[in-house]
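Data first, discussion second: the structure below is written as structure tokens.
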Amino acid sequence: MELGIAGRRAAVAAATAGLGLGSAKALAAEGVRVAICGRTQERVDAAVAEIGRDAVGIVADISTPEGGRRFVESAGEQLGGLDILVANGGGPPPGTFATTDFERYLPALEQNLLSIVAMCQAAVPAMRAQHWGRVVAITSSSVRQPIPNLILSNTARAGATAFLKTMATEIAGDGVTVNTVQPGVHRTERITRVYGDVDAIAAGIPARIVGDADDFGAAVAFLCSEQAKFITGVGLHIDGGAFSGLQ
């Protein structure tokens with residue numbers, strides 16, 4: 001299926017591995033010029049080589065609003081503008097209400113909420129001016145169904161979802177769509193680090209498998225497509241049927 005986005009320009013945050021890398025690869029395969037970021041030159045270089053197609057690598061730490069803003073601005077400068085933003089970032093440390101000190105909440109909010117706000121503020125005004133843009137944020141299935149022992153991530157990502165839903169409504173008339181993708185268990189470094197044996201989790205998922213980052217990236221690419229111009233404000237959970245609610 002031709003997605004109609006060849007030649008578009010995308011900033012994909014935290015894309016040296018996992019779901020971010022899967023998204024960057026899927027967009028590049030559609031002819032999109034992609035800029036990615038990671039925290040070390042080594043990881044950035046390895047990801048750029050895997051993506052190919054003249055991908056641009058930027059060393060950046062997007063765990064703070066200023067870091068997120070600088071990445072988007074740098075991506076726009078190097079690509080000559082931006083049409084697509086895939087907002088993404090690693091999650092904060094695990095913990096429960098009882099084990100999580102108050103002081104740990106602000107860094108988590110900066111990492112998974114305020115950084116997304118800053119990235120959008122840096123990217124969206126130009127998209128509105130050109131009357132075409134796509135924002136896709138990678139959040140978590142926890143925004144629908146909180147995940148045990150991840151109270152910081154549950155809290156911050158729920159706030160980001162509310163922000164993005166509000167923005168989607170406000171800018172829909174400008175040709176800019178805003179959607180979130182809410183992954184369940186995928187075979188990524190973070191999931192392995194938090195849960196250990198990922199394959200053992202598959203037995204509790206209706207699909208009986210864990211997610212694949214490249215398949216996930218293909219869904220992100222579709223939401224960035226020309227055909228998805230009437231899809232905005234959506235929260236798409238990609239979890240093999242694990243979420244059992246009606247909405």
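At full extension, Asp45 and Ala129 could sit 27.0 nm farther apart than now, given 0.36 nm per residue minus the alpha carbon distance.
Using the Cα centre as the reference, give the magnitude of the dipole from point charges on the C-beta atoms of the stretch 43-140 (Lys, Arg: +1; Asp, Glu: -1; all else neutral), rounded to the nearest 20 debye. Walk me through the numbers before you get to the answer.
On the way: 7 positive and 11 negative charges, 55 e Å.
Using Cβ point charges on Lys, Arg, Asp and Glu, the stretch 43-140 gives about 260 debye.
Which residues among the stretch 150-185 fall inside the zone where the amide N is under 16 Å from a point 7 Å beyond the Cα of Ile209, along Cα→Cβ? Residues 184-185 qualify, since their backbone N sits under 16 Å from the label point. Summing Cβ point charges (Lys, Arg +1; Asp, Glu -1) relative to the Cα centre of the stretch 9-234 gives a dipole of roughly 340 debye. Taking amide H as placed 1.01 Å from N in the peptide plane, the amide H of Ala137 sits under 5 Å from that of Ala87, Asn179, Thr180, Val181, each at least 5 places away or on another chain. Rounding to the nearest 10 and keeping the result within 0 to 90°, find how far the Cα-based axis of helix 115-130 lies from the longest principal axis of the chain. Its long axis makes an angle of about 30 degrees. Distance between the pseudo-spin-label points of Met1 and Glu73 (7 Å out from Cα toward the beta carbon): 3.7 nm. Helix 18-29 and the long axis of the chain differ in direction by around 30°, with both axes built from C-alpha atoms. Against the chain, whose longest principal axis is taken from its Cα atoms, helix 41-51 shows a tilt of about 70°.
When you count, for each residue, the other Cβ atoms within 10 Å and take the mean per peptide, how do 67-73, 170-176 rank with the highest first?
On the way: 67-73: 22.3, 170-176: 16.0.
Peptide ranking by packing, descending: 67-73, 170-176.
Each of Thr232, Ser140, Leu19 was placed along the dipole of the stretch 9-234 (beta-carbon charges, centred on the mean Cα), and the one lying farthest toward the positive end is Thr232. Karplus-based coupling profile of the stretch 63-70, in residue order and whole Hz: 7, 10, x, 5, x, x, 5, 5, with θ = phi - 60° in 6.51 cos²θ - 1.76 cosθ + 1.60 and x standing for Gly or Pro.
Each helix, a run of at least 4 DSSP H residues, gives -39500 (n - 2.57); summed and divided by the residues of the chain, these come to -12500 deg cm²/dmol at 222 nm.
When the convex hull of the Cα atoms of the stretch 1-105 is projected onto a plane and the area is averaged over all directions, what value comes out in nm²? If you can, show how the numbers build up before the last one.
Numbers: hull surface 31.1 nm².
Reported value for the Cα convex hull: 7.8 nm².
Each part reduced to its alpha carbon centroid, the stretch 39-110 and the stretch 176-190 end up 14 Å apart. Our coupling estimate for the stretch 93-109, obtained by passing each phi through the Karplus curve with A = 6.51, B = -1.76, C = 1.60 and θ = phi - 60°, is x, x, x, 10, 4, 6, 9, 10, 5, 4, 5, 7, 6, 4, x, 5, 5 Hz, Gly and Pro reported as x.
If packing is taken as the mean number of other Cβ atoms within 10 Å per residue, what is the order of 211-217, 142-148, highest first? Could you put the intermediate results ahead of the total?
Numbers: 211-217: 19.1, 142-148: 16.9.
The densest-packed peptide leads the list: 211-217, 142-148.
Each value in this text was obtained by applying a stated rule to the coordinates, not by laboratory testing. Computed from a predicted structure; not experimentally measured. All Cβ positions, even for glycine, are placed from backbone atoms using ideal geometry, and neighbour counts span all protein chains on display.
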